[in-house]
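The values are calculated or read from the model by the stated rules, or taken from the named source; none is laboratory data. Since the structure is predicted, the reported quantities are computational estimates derived from the model, not experimental observations. Cβ: placed from backbone, ideal geometry, glycine included. Neighbour counts: every protein chain shown. Side chains are part of the model used for accessible areas, which takes the heavy atoms of the whole protein and leaves out ligands, DNA and RNA. Shrake-Rupley method; radii C 1.70, N 1.55, O 1.52, S 1.80 Å.
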Amino acid sequence: MKILLINPIWSFQNYPPINLTELASYIIVNGFKNTKIIDLNFEIKNKFNTENIVEICSRKILLKKPDVVAITCNAVQFPFVCELSKAIKNQKPELPIIIGGVMASLNPSLLLKLAKADYIIRGEGEQTLLELLQAIKNNSNTQNIAGISYKNKSGKIQHNPARELLDIKELPIPSFDLISDNLTANKLVWLTASRGCAYKCKFCSGNTLWHYQRRKEIDNIYSQIKILKTKYKIKTFVFGDDCLTLNKEWILELCKKIKPLEMKWGCLARIDSVDDEILQALKQSGCCQIYHGIESGSKTVREMLDKQIKCNTNKFILNMVQKEILIGFDVICSFMTGIPFETKQDITKTASLAKQMKSLGAKIQLWLLTPYLGLKIIQEYKKQLTTINRANSNLQQDVFNTSQIYLYNNFIDKYRKYNPDNYMFLPKDMDLNTFIQHFHKIQKSLEIEQKNIQLTNKELFILKNTKL
Ligand code: B12
């Protein structure tokens, strides 16, 4: 049986779909040897020809004569995935289509309504995908497979019970060879050495999938990095783990193990999960960039976001950032506003803490809390959710940056109802206009300019002169 895993077109940046190589290696070692990855985002050269980009992609897939098509879907990829699945089904209605990923896991019913999928795989995909493929291969019953959602014979949406998370030590080395061209062309890769986090921050979609943190075998991670270095000449990578430094013993062992590989790398870490010993180990093993989600300068707001920072004071946070900068790390601190239980005074505290960090030498990011569909905070603060046209209010896009709006210009409007960028939460004590003015004032004071992903001048010229 020929399985095609699909990475949708979603960005002008060719991020290697490592998540699909993890899925592929698991089903390959468990019997589905004829598994391939079509990395549309990398393989479709002229993304500027958006006219019939969906047809071009569906034809490319069908030319490979797959027996099953399985597509990954996060919030950015959602509109394209819906259109692509319909284009494939129109040409080959009997071809089973499976969709998985963070967006599919958070909104299975929406995918079953708006896309043409036979099955939605929710959560961790390896075991569920394997079991579903075995059932399709043996033409046996799929009704009792944990972790899938589908429409039953009468068209009613059925959600089977969730699947337990697998023993992460079972995960083989990802099948990097299935995206070798992308890896060879790319000098930056996002890897994950663990899955999940121990915390349940209100704005994070990750904890809906992963519930708690499981850490991969150190040897497995070491081998992955070694292959990327030796076979694909990758020089730098980022650990996309929600919090790489959650377990001290494990992170010290990991740093000791990967040090001899002499790679440059970055990671995401909670501000309260690092100490002197961990910082020294990170530094000596090639870590040069640390990304912290600080979120707010207000202690109360951090508490209400369920950050549960152990020593939840601005003094502690500032001291830790200063220490990291003195050690020589490139420190990025991410803040957000547009938080439903935030006050004008809280936003001022955020600006002041961000300013102090900037003066210490940290890089600052200021985002709007984006209500990703399926997040609990949307239900809790539905009354404060308001629609917004971020472009008109000169507010930055979180989900779709300008280039992606261009990529999807043929159908993005159709999905505007489901685009988290079109919504935001109103703070407690401000109307929308007051908030927008305050936001711009803070951005200005922090000299944060609206960023767009690094496009070539030619690409930027085309985008700038395209009326969207
Ligand atoms: C690496 C990463 C990135 C990288 C690159 C991703 C890439 N290569 O494609 C970069 C930096 C580009 C990125 C960008 C963004 N990201 Co990001 N990112 C991540 C991160 C940290 C790790 C993703 C990962 O590899 N996880 C490990 C793999 C194994 O997990 P996975 O992808 O979910 O796959 C598993 C399952 O979902 C499932 N599965 C996935 N695909 C499929 C497909 C099939 C067919 C099946 C059966 C199963 C399946 O099985 C897999 C294995 O079990 C996650 C956080 C996280 N913890 O996951 C955020 C995350 C995915 N990102 C997120 C967001 C919001 C973004 C942005 C849109 C916004 C932003 N400001 O960050 C931007 C994109 C901006 C833009 N407009 O382009 C959100 C997604 C929210 C949502 N509801 O969609 C996450 C969850 C962060 C969060 N905590 O909320 N991101």
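Can you work out the Karplus-derived ³J(HN,Hα) for every residue in the stretch 191-200? Use 6.51 cos²θ - 1.76 cosθ + 1.60 with θ = phi - 60°, whole Hz, and x for glycine or proline.
These are the phi-based 3J(HN,Hα) values: 10, 10, 9, 8, 10, x, 8, 7, 10, 10 Hz.
Round to a whole angstrom and tell me the spacing of the C-alpha centers of the stretch 351-413 and the stretch 170-186.
Comparing the Cα centres of the stretch 351-413 and the stretch 170-186, I get a distance of 31 Å.
Tell me the relative contact order for the chain as a rounded percent, counting alpha carbon contacts under 8 Å between residues six or more apart.
12 percent.
Sticking with the crude label model, points 7 Å out along Cα→Cβ, report the distance from Lys64 to Thr313 in nm, one decimal please.
5.6 nm
Would you grab the residues whose amide H sits under 5 Å from the one on Lys363? Only those 5+ places off in sequence or on another chain, please, with H modelled 1.01 Å from N.
When sequence neighbours closer than 5 places are left aside, the close amide H contacts are Val331, Ile332, Cys333.
So what J values fall out for the stretch 92-100 if you push phi through Karplus, 6.51 cos²θ - 1.76 cosθ + 1.60 with θ = phi - 60°, rounded to Hz, Gly and Pro as x?
Result, ordered by residue: 9, x, 7, 6, x, 10, 10, 10, x Hz.
If you filter the stretch 124-192 for trypsin sites (Lys or Arg not before Pro), then keep DSSP loop positions with at most 12 other Cβ within 10 Å, what is left?
Lys153, Lys156, Lys187
Could you give the spread of the C-alpha atoms of the chain along their three principal axes, from largest to smallest, in whole angstroms?
Extents along the principal axes: 61, 52, 47 Å.
For the chain, what is the accessible area per residue in Å² when the probe is 1.4 Å?
Result: 44 Å² of accessible area for each residue.
Restricting to Cα pairs below 8 Å that are 6+ residues apart, what does the relative contact order work out to for the stretch 3-151? Please round to a whole percent.
22 percent
How would His211, His440 line up by accessible area, probe 1.4 Å, largest first?
His211, His440
When the chain is fully extended, how far beyond the present Cα-Cα distance does Gln143 get from Tyr15, taking 0.36 nm per residue of separation?
Roughly 42.6 nm would be gained on extension.
Test of understanding: extend the Cα→C-beta vector of Asn220 to 7 Å, then name every residue of the stretch 258-276 with backbone N under 17 Å from that spot.
The answer is 258, whose backbone nitrogens lie closer than 17 Å to the label point.
Tell me the accessible surface of Thr386 in square angstrom (1.4 angstrom probe, heavy atoms of protein chains only), to the nearest ten.
30 Å²
Rank these by accessible area, largest first, 1.4 Å probe: Glu83, Glu253, Glu131.
Descending order: Glu253, Glu131, Glu83.
Leaving out ligands, DNA and RNA, what percent of the accessible area of the chain is carbon and sulfur, probe 1.4 Å?
53 percent
Grab the Cα-Cα distance for Thr236 and Lys153, subtract it from 0.36 nm times how many residues apart they are, and report the gain in nm with one decimal.
25.0 nm
Give the accessible area for Arg215 in Å² (nearest 10); use a 1.4 Å probe, count only protein heavy atoms, and leave out ligands, DNA and RNA.
About 60 Å², ignoring ligands and nucleic acids.
Just for the chain, what percent of DSSP beta bridges are antiparallel, to the closest 5?
Of the beta bridges lying entirely in the chain, close to 20 percent run antiparallel.
Heavy atoms only, 1.4 Å probe, whole protein assembly: order Leu63, Leu20 by accessible area, highest first.
Leu63, Leu20
Rounded to the nearest 5, what % of DSSP beta bridges with both residues in the stretch 3-151 are antiparallel?
Taking every DSSP beta bridge within the stretch 3-151, about 10 percent pair in antiparallel fashion.
Once you list every other residue whose beta carbon is under 15 Å from the beta carbon of Arg163, what net charge do they have if Lys and Arg are +1 and Asp and Glu are -1?
My count for the surroundings of Arg163 gives -3.
Report the relative contact order of the stretch 275-428, percent, no decimals, based on alpha-carbon pairs under 8 angstrom and at least 6 residues apart.
So the answer I get is 25 percent.
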